[in-house]
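Take a look at the structure below.
Rule-based calculations on the coordinates, nothing more; no lab input. All of these numbers come straight from a predicted model, not from anything done at the bench. No Cβ is skipped: glycine too gets one built from the backbone with ideal geometry, and neighbour counts run over all protein chains shown.
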Amino acid sequence: MSQENNPSDNPGGGVGVTAALGFRASGIAAGIKSTGLADLALVVNDGPSRAAAAVFTSNRVKAAPVLWSEQVVKGGELDAVILNSGGANACTGPEGFQDTHATAERVAEALDTSAARVAVCSTGLIGVRLPMDKLLGGLFASVGSLAATAEAGADAAEAIRTTDTHAKTAVVERSGYVVGGMAKGAGMLAPGLATMLCVLTTDAAVPQPELETALRRATARTFDRIDSDGCMSTNDTVILMASGSAGVVPDPCEFAGAVEAVCADLARQLIADAEGASKEIEIEVVNAASEADALEVARSIARNNLLKCAFYGEDPNWGRVLSAVGTTNAKFEPDELSVAINGVWVCRRGGVGEGRELCDLSDRHIHLVVDLASGSETVTVWTNDLTKEYVHENSAYSS
């Protein structure tokens, strides 16, 4: 079961990060955003387990919160995650790292724990110091608002939005336990995660090494396979925490599947809400010699601006697909390539196939299949079209 900010969908009463037992959350307006909208979220694990794992951006330029959280998560346990929107705290020098440390210290003080057990996440404009008086001033209000309710989970998801048009949450239920999560992201969606913050929670009793394995497998197959514009963020963070409150020790494979299902749901929501997007494009590369080949081809297509513009104009220009495939090092023979757009094989064996006029691109979803005829591996990557609204969003964005 998945949900998008709809408390009634979950019989347990929680939404997103509060769907699993043992977690409380809050989302408030601390004044970080000039709009006055919610901008500070807090997620707390009440245990009995505090096991945690995380993955971060592979960008060599990392925001201060990423550098901090990379260190604290090495301990394998977290009591809380504090997240702010309205400022990325990236490229802010030693002072920015001190701001992150001060944030963790203030949260730890309020929760009677150690700063070394508090992860920090930020999102927003790069190169600007956070208004620490407002952020720190709002922390005790965040703690005071903590609850395990549906409203609290929804509030937390709302507070981490930047250019997102709506909050994003998901829940998957298994036998006796739940995995839930929230995410934000609408632009700079590219491998190395996305321009995203994501917090996942589960009430299953899962050892930290299993959390780590499940999370890395899930992100590699979901968040790492959405590619909106080829731009990698400095702040990407995905954190998974286990409370053990359900008292269930799940089968590792089943648990990994549940985590992947939540991540897949959230990833689809991210690409659907990509800045200015009017099309969601599913790129399926089939019959590749290896998974790496299929992934390289899919990424090349996803980042082809000419094709993305064509799909915005509802033009099934399959020549641009072959052009993108040809820039890769994947194993294939040009005269064996075939392409289908929404079920119409417009290209067969490197040449003209069915008439492109048969392609109906009026629907928001476009399914593109590229057959490399070189093996048996398949990979799917999601992207979106390139629109005038995307250009406007990214020329006007300043908060």
Checklist line | Charged-residue dipole, Cβ positions (Lys, Arg, Asp, Glu), segment 29-83 about Cα centre, Debye nearest 20 | finding: 260 debye
Check: Between Glu173 and Glu354, what is the FRET efficiency for a Förster distance of 41 Å, r being their Cβ-Cβ separation, to the nearest 0.05?
Finding: 0.45
Notebook entry, point to check: If you take the charge dipole of the chain about its Cα centre, with +1 on Lys and Arg Cβ and -1 on Asp and Glu Cβ, which of Leu295, Gly47, Val128 is farthest toward its positive end?
Noted result: Val128
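Calculate the dipole size of the chain relative to its Cα centre from +1 charges on Lys and Arg beta carbons and -1 charges on Asp and Glu beta carbons; express the result in debye to the nearest 20.
720 debye
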Item checked: Relative contact order computed over segment 205-322 (Cα-Cα under 8 Å; 6+ residues apart), in percent -> 30 percent
Item checked: Cα-derived Rg to Rh of the chain, Kirkwood definition -> 1.00
Note to self: Let's test the formula: R0 of 45 Å, r as the Cβ-Cβ distance of Val249 and Leu37. What FRET efficiency results, to the nearest 0.05?
What the structure shows: 0.65
Notebook entry, point to check: Any idea how far the Cα center of segment 353-391 sits from the one of segment 18-80, in Å?
Noted result: 35 Å
Next item on the list: State the extension gain, in nm to one decimal, for the chain segment bounded by Glu284 and Arg364, taking 0.36 nm per residue of separation less the distance between their alpha-carbons.
Entry: 27.1 nm
Item checked: Whether segment 50-204 is rounded, prolate or oblate, judged on the alpha carbon gyration tensor where a/c under 1.5 counts as rounded -> rounded
Checklist line | Inverse of mean 1/r across different Cα pairs in segment 303-399, Kirkwood, Å | finding: 14.6 Å
